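Have a look at the structure below, then the notes.
The values are calculated or read from the model by the stated rules, or taken from the named source; none is laboratory data. Keep in mind it's a predicted model, so treat the numbers as computed, not measured. Cβ: placed from backbone, ideal geometry, glycine included. Neighbour counts: every protein chain shown. Heavy atoms of the whole protein, side chains included, go into the accessibility calculation; ligands, DNA and RNA do not. Shrake-Rupley method; radii C 1.70, N 1.55, O 1.52, S 1.80 Å.
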Amino acid sequence: MYLSRFLSLHALWVTVSSVMQHYPSVWGHYDVCKTQIYTEEGKVWDYMACQPEARDMIKYVKVTLDPPDITCGDPPETFCAMGNPYMCNNECDASTQELAHPPELMFDLEGRHPSTFWQSTTWKDYPKPLHVNITLSWNKTIELTDNIVITFESGRPDQMILEKSLDYGRTWQPYQYYATDCLDAFHMDPKSVRDLSQHTVLEIICTEEYSTGYMTNSKIIHFEIKDRFAFFAGPRLHNMASLYGQLDTTKKLRDFFTITDLRIRLLRPATGEIYVDEQHLARYFYAISDIRVYGRCKCNLHATGCKEENKRLLCECEHNTTGPDCGKCKKNYQGRPWSAGSYLPIPKGTANIC
């Protein structure tokens with residue numbers, strides 16, 4: 001009787017799990033990494049492809065600025081209002097909390113009034129370029145699952161590059177170029193993600209969509225992750241099995257959405273015009289109120305959890321694996337070479353247990 005009840009419960013669980021996994025809400029959402037099931041031989045472990053749920057990765061980021069003294073306020077200086085570039089009586093003063101704009105205000109809770117933001121010094125040394133590098137580091141390999149969104153409180157930059165690193169900042173590759181004139185700034189023809197396809201999804205493009213200076217409602221810059229997913233999963237991301245298959249079999253595609261660090265290179269502030277007004281250089285600066293990066297810890301499909309320990313993210317490894325990314329077999333479980341888990345076959349995947 002008890003065996004019959006256990007088998008009935010197991011059949012129900014398998015049915016529900018199968019339905020849920022055919023229709024995941026986000027990329028790679030598997031609810032169970034391993035679970036106990038009951039068979040005629042007794043209780044056994046059933047292993048599945050698994051990974052942590054996506055989360056707001058900005059909660060765990062470390063930010064550095066180059067040059068380190070580029071934040072406004074030391075010494076105090078005046079700058080022009082965001083909405084009116086000719087009203088130049090606003091003040092930035094690092095010694096006064098209400099007038100300070102330190103880097104951590106790029107990541108604080110939004111919704112307060114007035115909005116809070118980081119701000120650079122003004123372009124007082126024109127014509128010397130006003131260059132700023134903002135580096136976001138996690139000390140952990142991250143898989144991106146949603147668009148990167150940067151909200152500017154100044155006009156959006158005339159020229160900017162978003163870069164990524166896969167080796168903790170030792171080397172960098174461009175992710176996307178942004179400019180009011182791509183040909184002039186980077187010797188590239190302007191494109192948008194809509195111009196790409198499955199075959200060109202890894203192409204590095206320059207876009208003019210997000211470089212419109214002081215125009216109304218022009219605060220946000222995107223790096224479009226979901227639009228690239230859509231080339232494989234369909235416009236509403238309903239065919240996730242197709243995306244899983246591509247990620248499983250195409251390392252370059254999987255690596256494209258994987259980072260350890262991001263770098264925002266601000267190369268020229270918003271001018272809103274062809275020529276810089278040298279009589280009003282306090283009009284030109286960078287200000288960022290919010291950065292959003294959503295993703296998950298990369299655990300090589302060997303963990304459903306990722307914990308913070310000593311200010312570092314670590315995968316809670318299953319399948320007899322270990323390491324920050326579950327990247328090797330535990331001692332005494334090395335009878336065959338370590339291998340990442342697999343999404344295939346859909347929906348259950350293959351655990352590749354050590």
Efficiency of FRET from Cβ geometry, L65 and I346, R₀ 45 Å, rounded to 0.05: 0.55
Rounded accessible area per residue of segment 55-297, 1.4 Å, Å²: 48 Å²
Within the accessible area of segment 55-297 (1.4 Å probe), percent carbon and sulfur: 50 percent
Largest-first ordering by accessible area, 1.4 Å probe, given options K140, K219, K331: K331, K219, K140
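Can you tell me which of 293-305, 232-244 comes out highest on packing, and rank the rest after it, using the mean Cβ neighbours within 10 Å?
Going by the mean number of other Cβ atoms within 10 Å, highest first, we get 293-305, 232-244.
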Computed E for T249/V149 - FRET, C-beta separation, R0 25 angstrom, nearest 0.05: 0.25
Alpha carbon centroid spacing (whole Å) that separates segment 308-331 from segment 244-285: 31 Å
Electrostatic dipole magnitude of segment 216-282 [Cβ: Lys, Arg +1; Asp, Glu -1; Cα centre; debye, to 20]: 360 debye
Distance (nanometres) between label positions extended 7 Å along Cα→Cβ at L109 and N310: 3.1 nm
For Y294, residues with placed amide H under 5 Å, excluding near neighbours: M57, T145, D146
Extension reserve of the D181-A81 stretch, reckoned as 0.36 nm per residue once the Cα distance is removed: 33.5 nm
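When the chain is fully extended, how far beyond the present Cα-Cα distance does H199 get from R55, taking 0.36 nm per residue of separation?
Details: separation 144, 0.36 × 144 = 51.84 nm, distance 2.91 nm.
Going from the current span to full extension adds 48.9 nm.
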Residue pairs, from the table K252/K298; K59/K298; K252/K307; K219/K298; K62/K298, whose Cα atoms sit over 22 Å apart: K252/K307; K219/K298
Those residues of segment 58-102 whose amide nitrogen sits under 17 Å from the label point placed on Q279, 7 Å along Cα→Cβ: 80, 85-89
Segment 145-207 shape via C-alpha gyration tensor axes, a/c threshold 1.5: rounded
